[in-house]
Amino acid sequence: MLLGVSLSFIDEEIAHDFRSHMANDLEIQDDLPFQHRHWRLQRVGWWVIACILAAGLLGLFGHHPLSRTTAQTQDGTLLVTYDRFGRATSDAEVILTVTPTEQEEGTFRVWFDSDYLEPCG
Amino acid sequence: MDAIVRGFMMYLFLLVLFRIAGRRTLGQMTNFDFVLLLIISEATQNAMIGNDFSVTNGILVILSLVGLDIGFSLLKQRFPVLNRHLDGLPLVLVEQGRPVQALMRKSRVDEQDILFSAREKHGLERMEQIKYAVLETNGGISIIPKAE
């Protein structure tokens, strides 16, 4: 019986298994080295998934208490609470806290820069 | 973060729920079972996606479900005892052509279900032709016919 020897991997799990095919009299298109490479790639993929989920849980994708941050004007009359990271085609919550300097009744106006509003649509 | 947390919660909830509901709930699909499955998936989606229709949210929800699934499969590999808790165990319901009534009652399987499976899988005609009938962990009934 002729066994194919593959030297393209160093994985200790298959150190004892250098065959490139399993059953020799079976009409089947198997390829063990390819399968082992694929399994290695799969495990890399699993770590990528774990990293993405960890990043999401730590706030890198927004909608997270840790990704909220604030900006305040010099005199403290306007406090803006916003999300550091946004998502396209999704809502972004911006909280404006206005502390007027005079305790009078009336209306206050907030001005938005058109550069800020334009990309938001 | 909410996408991931919601994904995890719905996965775990459905996992526990279908262990409690019993494996026959989705095992043999009648038309009604199929519709029920669709409605459940609709309700699940609403709970997980919410009103955030961004690609980011979709990807995070799906990754959290698939990631947890992979995690559980690896956990089951390392701790085989988890298999019986998460997936259940098979159950022999018919021995040598004689149904075990007590077990069938408890698992809510009746003789017609077993005969249906016997016809479907082996073209068997009568209960006496069944050597063993097993309720498998996926809710299906496997039939071992008597040797002729």
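The values are calculated or read from the model by the stated rules, or taken from the named source; none is laboratory data. Here the structure is a predicted model, which is why all the values come from computation and not from measurement. Note that we place each Cβ from the backbone using ideal geometry, even for glycine, and neighbour counts take in every protein chain shown.
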Filtered residue count, the range B:110-137, keeping only those that are among the β-branched types (Val, Ile, Thr) and modelled with pLDDT under 90: 1
Qualifying positions in the range B:45-70 - outside any helix (DSSP H, G or I) and either on the phi < 0 side of the Ramachandran plot or not assigned by TED's automatic domain parsing to the domain that holds B:MET9 (or both): B:ASN51, B:ASP52, B:PHE53, B:SER54
Residue check for A:ARG87: in contact with a His (Cβ under 8 Å, 6 or more places away or on another chain) and either charged (D, E, K, R) or more than 9 Å from chain B (Cβ to nearest Cβ) (or both): yes
Subset of the range A:22-61 [small (Gly, Ala, Ser) and away from chain B (no Cβ under 14 Å)]: A:ALA23
Any hit, the range B:37-49, residues being away from every other protein chain (no Cβ under 14 Å), surrounded by 15 or more Cβ atoms within 10 Å (Cβ to Cβ), modelled with pLDDT under 90 and closer than 28 Å to B:GLU120 by Cβ: no
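Results for (1) outside any loop (DSSP other than H, G, I, E, B); (2) farther than 24 Å from B:ASN83 by Cα; (3) β-branched (Val, Ile, Thr), shown as yes or no for each residue.
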{"residue": "B:VAL109", "(1), (2), (3)": "no, no, yes"}
{"residue": "B:ASP113", "(1), (2), (3)": "yes, yes, no"}
{"residue": "B:PHE116", "(1), (2), (3)": "yes, yes, no"}
{"residue": "B:ARG119", "(1), (2), (3)": "yes, yes, no"}
{"residue": "B:GLU125", "(1), (2), (3)": "no, yes, no"}
{"residue": "B:THR137", "(1), (2), (3)": "no, no, yes"}
Boolean, B:VAL61 is surrounded by 15 or more Cβ atoms within 10 Å (Cβ to Cβ), under 30 Å from A:CYS51 (Cβ atoms) and within 14 Å of chain A (Cβ to nearest Cβ): yes
Count of the range A:88-121 residues which are of a type in the set (A, V, I, L, M, F, W, C) and more than 37 Å from the chain's Cα centre (by Cα): 1
Residue that is farthest from B:LYS146 (Cα to Cα), among those in the range B:94-115 that are hydrophobic (A, V, I, L, M, F, W, C) and touching a residue at least 24 places away in the same chain (Cβ under 8 Å): B:VAL109
